[in-house]
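Just so you know, all these numbers are worked out from the coordinates, no wet-lab data involved. Because the structure is predicted, anything quoted here is derived from the model rather than measured. Cβ atoms come from the backbone with ideal geometry, glycine included; neighbour counts cover every protein chain shown.
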There are 2 protein chains.
Amino acid sequence: MSGNLGSYDVWKPRPSESPVTPAEAAKTLGNSNDRVRVHNLSVVLRLVHRTGGVPRSSLTRQTGLNRSTVAALVGELVERQLVVEGEPDARNQVGRPSPMTLPGDRPVGIAVNPEIDAITVGVVGLGGRVLRRVRRATAVIPTAEQAAEITADIVAELRAELEPAHRVFGIGVAVPGLVRVADGLVRLAPHLGWENQPFAAMLARATGLPVRAANDANLGTLAESTFGAGRGVSDFIYLNGGASGIGGGILAGGELLFGADGYAGELGHTIVTRNGIRCHCGGAGCLETEVRREPLLELLGLDDADADELEAALLASDDRAVLAEVHRQLDHLGFALGNAINALNPRLIVLGGFLGSISAAEPDHLDRVVAAGPLSAARGQPSIVPTELGASLLMIGAAELALEAVLEDPTLG
Amino acid sequence: MSGNLGSYDVWKPRPSESPVTPAEAAKTLGNSNDRVRVHNLSVVLRLVHRTGGVPRSSLTRQTGLNRSTVAALVGELVERQLVVEGEPDARNQVGRPSPMTLPGDRPVGIAVNPEIDAITVGVVGLGGRVLRRVRRATAVIPTAEQAAEITADIVAELRAELEPAHRVFGIGVAVPGLVRVADGLVRLAPHLGWENQPFAAMLARATGLPVRAANDANLGTLAESTFGAGRGVSDFIYLNGGASGIGGGILAGGELLFGADGYAGELGHTIVTRNGIRCHCGGAGCLETEVRREPLLELLGLDDADADELEAALLASDDRAVLAEVHRQLDHLGFALGNAINALNPRLIVLGGFLGSISAAEPDHLDRVVAAGPLSAARGQPSIVPTELGASLLMIGAAELALEAVLEDPTLG
DNA sequence: GATGATTTGTTGTTCCGACAAACATATCAC
DNA sequence: GTGATATGTTTGTCGGAACAACAAATCATC
């Protein structure tokens, strides 16, 4: 129940009783002291990563480990170029100053986000720092093969620049669709027109780097959890409204919820009305068929607008039809959120994209709808807040997937 | 990523970056080797607990630990009377026979389930074995104070019988309502008429034992996960239909999902229709106002019936009105499940109580409804199965809560 | 600005637990 | 019976974290 090596962590026994395969068992051979070491290195590195830099004394407190142990751990991480020690924080406090432990510049992860009109590739260092960002427009919607090829080209160029000063630990892909996280198969990405495309495998072959893939909104959730509005919150729901629909992710018990295959969090396809419009997904009356950006843009007489522009236009408008549409959409959103809150009891709801815009346009409406939901009086309301991370959200989230390997086992470095 | 001390387990870093209080940090003092030991003891004990007994050689394989280490661990557990070694399994296999490691009889947890007309208390040993079960009927619906008093009386009687042969490690309470798991406050138990009753604290004071409390359906989920239909499945949804409504629980990533306060899994209050009947919970059109046992009993001309009798009656009936009502209820159930599946991507749905009955009466109907849901073609269907644990479900689940302390730290024993 | 209190970094030692190797034992197959 | 195989048992080794004692750097106070 309490921490193991430092209160910062808890052992959680794997719950399944699935027999361990010989291959799996073989992986666990070796000295257990090594494991303890790896774990403690991981704990320290994650703390530095998440905070972007902390005094070493703070690491000692937060991990509960001995001063000398933390010194040794940080020393090893410095040697592996995963962290650097910096000048002590200038603060008014008695006692010997403690050197800052900062994320190192060397380790980076590559983030990839294929879209219908472009492929974006980013280079992200520890601490969620986006170092580079390349957006390559495509003439047509790329096939998975084309996307892998284009991405591999960009990655090759970036590596030529980056290495050997930096070390690329892997690639994380944020896919607008259903992704089987186990092997990175894109089961269905409707807007890209991809179905059953082993995109992670393609990209791994083309680049020689380890590749992991997941749903874009799930990775957005991860990013918000580590660096954004969800920092320090162990249970929240993230919902993002984009041009291609509504994506979502669930953080539960401090863990991103993937579900059995990685398809969890598809709150955009929550059915919000029994006799609604048919959705491409096979259902009808999905949240994302009822709550869309287009009707709002049309009513506002806008051609195109990003979330900020849309929000400004909504706030400036006093058109009754606009207000009615905003209310209609917020009602649907509130319905979906109400049921999700009921199932998940989150502490927080984070809204991104145009969902943030319509919520900001009528700040109290959504709260009221949610408050009218089941059990809300007894349970209490989660706060509803906008995203904190802007354009870099997906880059950070996807890179997190790539950097996870070093964060979990810093001796890889 | 892989296991630490034995592949059976994974370290999971605590995700929140909340600063560790000095008190918390103090708890983690001490030799880290102790921690490793405690964890490995815990792993072995849990394996024995879950399986009800395994050869020691199997423990070696499953944990990935060294033979000699496992021998030492089992030895310590035997010394602490948490497990016993038995005769080797008679099997046709070369090699020296390995002694069976069986759950010890000494450690027990006490399970409590307050209901509107009775309080049930059970004594459960490791391996989910229900040793005793006392049901004390009450003339009126008990208040929290009364329930605590009655329970304390029963517990005192049981302890007089049990001790010192057995050792009671704590009390787990399954409450039909919203329970704040952190401190066992019963936030709202509508049928009992309890509101903001610190039931766990009351019972702890009255018995002197550590008490934990949680929602009954959540504990049912835990029981099904450890010993029932959900064994070995890391992502499933459990839904139970009882006389007082519909309760649910979610197992996600191998962990019971409690949410921010412990109110997660309230799928009985999923809103399934926009203009439905008002529910006591404050919402309207909740699943449990639309899907109820009473209309079925009425149509069948039954006065009262348990799940099995209801199921038999449903299967025997050829009344059109009955069928229509079953379909109506399954449609609502399918709607709620469809949205939950969409959010959580479970591998399995476990139905208990009369929900299992109506599903069994029309086996394909629910599957069809769920299959028509959003993204179901791409995602694939979870299987829908009935519960495996019968009357002992809540006893086992609640006791699990009590035994969790020893399972987590066997050196307490 | 010296002095003491306080906090933290540094160094050498100790202790504990898991592993490894060698041996012992019990079963199966022939 | 004999060999192969798997597992229990015993003893020694090794690694990592804790601990203690000391050193260093800051603040507070006079």
Discussion item. Using the Cα centre of chain B as origin and beta-carbon charges of +1 (Lys, Arg) and -1 (Asp, Glu), tell me which of B:Asn339, B:Gly249, B:His39 is placed farthest towards the positive end of the dipole.
Written reply: B:His39
Worksheet, complete the sentence: Toy charge model, Lys and Arg Cβ at +1, Asp and Glu Cβ at -1: chain B dipole around Cα centroid in debye, rounded to 20, equals 1560 debye
Discussion item. Given contacts defined as C-alpha pairs under 8 Å and at least six residues apart, what's the relative contact order of chain A, whole-number percent?
Written reply: 16 percent
Worksheet, complete the sentence: Between the Cα axis of helix A:393-408 and the main Cα principal axis of chain A, the angle (0 to 90°, nearest 10) is 30 degrees
Item to complete: Taking the Cα atoms of the protein assembly as shown, report the difference between the largest and smallest coordinate on each principal axis, in whole Å and largest first.
Response: 75, 66, 62
Worksheet item: If you count, for each residue, the other Cβ atoms within 10 Å and average over each peptide, how do B:180-186, B:101-107 line up from highest to lowest?
Response: B:101-107, B:180-186
Worksheet, complete the sentence: Under a Gaussian network model of chain B whose springs join Cα atoms within less than 10 Å, the largest fluctuation of B:Gly64, B:Gly95, B:Gly75 belongs to B:Gly95
Worksheet item: Want the number for A:Asp303 to A:Ala182: 0.36 nm per residue separation, take away the alpha-carbon distance, what's left?
Response: 39.5 nm
Worksheet item: How many nanometers, to one decimal and shortest first, lie between the label point of B:Ser68 and those of its other copies, if labels sit 7 Å from Cα toward Cβ?
Response: 2.7
Worksheet item: Of the listed peptides A:371-380, B:294-303, A:326-335, A:351-360, what is their order by residue-averaged count of other C-beta atoms within 10 Å, with the highest listed first?
Response: A:351-360, A:326-335, A:371-380, B:294-303
Fill in: Cβ neighbours within 10 Å from other chains - mean over B:231-240
3
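Determine, from the Cβ-Cβ distance of A:Gln93 and A:Arg67 and an R0 of 25 Å, the FRET efficiency 1/(1 + (r/R0)^6), rounded to the nearest 0.05.
0.90
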Worksheet item: Using only helices, what value at 222 nm comes out for the protein assembly as shown when you add -39,500 (n - 2.57) per DSSP H run of length 4 or more and divide by the total residues, to the nearest 500 deg cm²/dmol?
Response: -12500 deg cm²/dmol
Discussion item. Apply the a/c threshold of 1.5 to the C-alpha gyration tensor of the stretch B:232-386 and tell me whether it is rounded, prolate or oblate.
Written reply: prolate
Discussion item. So if I place +1 on the C-beta of Lys and Arg and -1 on the C-beta of Asp and Glu, and nothing else carries charge, what would the dipole magnitude of the protein assembly as shown be about its Cα centre? I want it in debye, nearest 20.
Written reply: 2640 debye
Worksheet item: How many percent of DSSP beta bridges within the stretch B:232-386 run antiparallel, rounded to 5?
Response: 50 percent
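Per-residue mean of other chain beta-carbon atoms within 10 angstrom of the beta-carbon, peptide B:261-269?
6
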Fill in: Calculated label separations, A:Asp304, copies of the chain, 7 Å along the beta-carbon direction, nm
6.8
Discussion item. Taking the Cα centre as origin and putting +1 on Lys and Arg beta-carbons and -1 on Asp and Glu beta-carbons, what dipole magnitude results for the stretch B:177-283, to the nearest 20 debye?
Written reply: 200 debye
Discussion item. Label position 7 Å from Cα toward Cβ: report the copy-to-copy distances for B:Ala139 in nm, one decimal, ordered from shortest.
Written reply: 8.9
Worksheet entry | Residue (of B:Gly259, B:Ala321, B:Leu203) at the positive-pole extreme of chain B, dipole from beta-carbon charges | B:Gly259
Worksheet item: By what distance, in whole Å, do the Cα atoms of the stretch B:83-233 stretch along each of the three principal axes, largest value first?
Response: 62, 37, 27
Item to complete: Work out the mean other chain Cβ neighbour count within 10 Å for the residues of A:279-285 and drop it here as an integer.
Response: 5
Item to complete: Quick one: work out the % antiparallel among DSSP beta bridges in chain B, nearest 5.
Response: 65 percent
Worksheet item: Rounded to the nearest 0.05, what FRET efficiency is calculated for A:Gln81 and B:Arg231 with R0 set to 60 Å and r the Cβ-Cβ distance?
Response: 0.85
Discussion item. Which of rounded, prolate or oblate describes the stretch B:148-278 when judged by the alpha-carbon gyration tensor and an a/c cut-off of 1.5?
Written reply: oblate
Item to complete: Using the Karplus curve 6.51 cos²θ - 1.76 cosθ + 1.60 with θ = phi - 60°, work out ³J(HN,Hα) for each residue of the stretch B:34-47 in order, rounded to whole Hz, and write x for Gly and Pro.
Response: 4, 4, 4, 4, 4, 5, 5, 4, 4, 4, 5, 4, 4, 4
Practice prompt. Report the local net charge at B:Pro107: Lys and Arg +1, Asp and Glu -1, summed over other residues whose C-beta lies under 10 Å from its C-beta.
Written response: +2
Worksheet item: Against the longest alpha carbon principal axis of chain B, how many degrees, from 0 to 90 and to the nearest 10, is the axis of helix B:216-227 turned?
Response: 50 degrees
Discussion item. Apply the a/c threshold of 1.5 to the C-alpha gyration tensor of the stretch B:29-135 and tell me whether it is rounded, prolate or oblate.
Written reply: oblate
Fill in: the stretch A:231-386: relative contact order in percent, alpha carbon pairs under 8 Å with at least 6 residues between
25 percent
